[in-house]
Structures are given as C-alpha cells and as structure tokens.
Amino acid sequence: MRYNKEFFDLQIRFAQTVAALIDMPIEKALLDYTNIYVRFGLGRAFDQHHPIWRCYADGLSQSVDLCDWTYGFYLARAEVTQTRSTVATSGCFSYAIHNAECVRIHFENVEPATVSPLSIDRLPVRREELRSLFDHVRRNQREATRVAGTSWLYNLRSYRRCFPDEYSASVKVAESRFRNMSLWGQFLDRHGAVRVGVAENFTRRLSHIANLKDLVCSFPLQALAVEAPIEQFYRFYRV
Ligand SMILES: CC(C)(COP(=O)(O)OP(=O)(O)OC[C@H]1O[C@@H](n2cnc3c(N)ncnc32)[C@H](O)[C@@H]1OP(=O)(O)O)[C@@H](O)C(=O)NCCC(=O)NCCS
C-alpha cells in the first residue's frame, strides 16, 4: 500500500516535538521516533550509517521543506520490496517466525476499499484467511508453540473478534513502539489516508507536551501485545 504524504507529515511533526523536548538532533528523532526508516524499505536495524538513510539524512539539512523532501524520498523508494521476513500471507494476514517457537501475526488491508476489512460482514472472510494461515503454520512450523502479536489494532473489538478469546484477553501495553506501524497504523484509514479528526487531536496534544510521559499519552491508542499457546488457534480455526 502506498501511504499519503499526510502520514509522513504527522510523523515528522512528532519527531520535531521530540527533538525540541529532549534537545535531540532531528535526524536522530526521525530515526528513533517515527516509522520512516521502515517505510523506506531499509529493514529493522535502524542503522544511522545505512547508505540510503545517510543519503536521506544528509539531504535534510539542504532541503527547503523537510516534509516535501521526506515524501519525495519515500516515493522514489516506494517500489522497493519491503524486507519484513514474512513466511506466508493469506489475504489481510501474514505471519513471521520470531524464533522457532513463536509465530507473529501481521495485518495489512488488501480489500477493495468500499468496505472496512474489519466490518462484521467481512468477519467470515477474515476468519477463513486466518484458518488458511494456521493450516500453513501447522504443516510447516512443527516447532511453533506460541502465537504473538503487537498492534494498536488489539484495542478494537472488530479486530479482536478474528482471534481466539484467550489470545485477545492477554493484552499488555507494549511500550516504545514509536518506530512501528503497531502504533502509527491507528492514524490510517483503509485507503492508506490519514484519519483527519484523529490526526488533528493528536497534533493539538503535541503542542501542549511538557515531558516524555506526555509523548506516549499523546497517542489516542497504545500498542498492545498479545500472546497465547498455538493449540488454541488450531482449535479455534479447526485445523
Ligand atoms: C485497520 C484499518 C483497515 C481500519 O480502517 P477503516 O476500515 O477505514 O476503518 P473504519 O473507520 O471503517 O473502522 C472500522 C472499525 O475500526 C474502528 N477504528 C478504526 N480506526 C480506529 C481508530 N484510529 N481509533 C478507534 N477506532 C478505530 C472503527 O471505530 C470501527 O469499529 P466498529 O466496527 O466497532 O465501529 C486501517 O486503520 C488500517 O489499514 N490501518 C493500518 C493497518 C495497521 O495498522 N497495520 C499494522 C498492524 S501492526
């Protein structure tokens, strides 16, 4: 999915707030407090010396408009394959292996945009995608014993109902997710556009931030971590 410029503008605004608050260079704030490195398709090492990141960071000081420079850079990188280590994909869901024993679930909307992928009408489709995904896991990941996920999406009943109750009920707040879609994804709608009202409230809160704790609280929803034994998934999806 190609994301709108406003999604990057919002993250840059956040990075500028962080930079001013803790007296950090803007380049470092963009690396540590936004999802931009990942959106450039550079993986998850967050290496400030990565040659492509260097090219972007060096251009920051020469650019007239930081937001224009960032979005132009993203568009030029947009065809680059994302490097997430996905093992298999089924519709909106995919999984990666965290270590041999733990399967991690990811979500990305791939539905035609007329209807929310999380609507009750699409629930049977989502569950069937997960059934197929866990069928793949069962046949190919013999050592897997646990399933884990981290996302703002676990705040939503419409997302949690796709999964076994025990998994959804295990939620704990996941801290320091500033670099991840598991936090920033809440500002997007199903078209990849920024949700205007949510973003405006967020920006308003940023202008009143006085300390580090306020940074976390400025996000309407927190990223939540969930985890459960894999047997519960095999039972729930009947695979
Ligand atoms: C999930 C996603 C498809 C929802 O977008 P959408 O379909 O346009 O959202 P809708 O406005 O139709 O809302 C669908 C449901 O989610 C809720 N919702 C969606 N975004 C929300 C937000 N930011 N805050 C609160 N609720 C939200 C709606 O209230 C609605 O719930 P309901 O059915 O109980 O009324 C979209 O946010 C998205 O693709 N986000 C990026 C995905 C992501 O974060 N991936 C990384 C996961 S780690």
Legend entry - GNM result for the chain, Cα springs below 10 Å: residue of Arg131, Arg204, Arg195 fluctuating most strongly: Arg204
Legend entry - For the chain, size of Cβ-based charge dipole, Lys and Arg +1, Asp and Glu -1, in debye: 640 debye
Legend entry - Dipole-positive endmost among Pro229, Ala174, His136 within region 89-229 (Cβ charges, Cα centre): Ala174
Inset, instruction - Quickly work out the Asp47-to-Arg235 label distance, labels modelled 7 Å from Cα along the C-beta direction, and quote it in nm with one decimal. - result: 4.4 nm
Legend entry - Virtual spin-label span in nm between Ala193 and Lys5, 7 Å along Cα→Cβ: 1.5 nm
Inset, instruction - Express the relative contact order of region 157-239 as a whole percentage, based on alpha carbon pairs under 8 Å and six or more residues apart in sequence. - result: 48 percent
Inset, instruction - DSSP loop (so not H, G, I, E, B), at most 12 other Cβ within 10 Å: list which chymotrypsin sites (Phe, Trp or Tyr not before Pro) in region 25-72 pass both filters. - result: none
Inset, instruction - Can you tell me how much longer the chain between Leu60 and Val125 gets when fully stretched, taken as 0.36 nm per residue apart minus their C-alpha distance, in nm with one decimal? - result: 19.0 nm
Inset, instruction - With just the Cα atoms of the chain, tell me how far they stretch along each of the three principal axes, in Å, largest first. - result: 56, 36, 34
Legend entry - Neighbour-limited loop hits for GluC sites (Glu not before Pro), region 132-217 (at most 13 other Cβ within 10 Å; DSSP other than H, G, I, E, B): Glu143, Glu175
Legend entry - Which of Ile36, His49, Pro25, positive extreme of dipole for region 1-51 (C-beta unit charges): Ile36
Inset, instruction - Choose one of Asn155, Phe219, Ser85: the residue whose Cα lies farthest towards the positive end of the charge dipole of the chain (beta-carbon charges +1 Lys, Arg; -1 Asp, Glu; about the Cα centre). - result: Asn155
Legend entry - Dipole magnitude (debye, nearest 20) for region 148-239, charges at Cβ of Lys, Arg, Asp, Glu: 180 debye
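Values quoted throughout were computed directly from the atomic coordinates according to the rules given, and no laboratory measurement underlies them. Given the structure is predicted, the values throughout are model-derived calculations rather than measurements. All Cβ positions, even for glycine, are placed from backbone atoms using ideal geometry, and neighbour counts span all protein chains on display.
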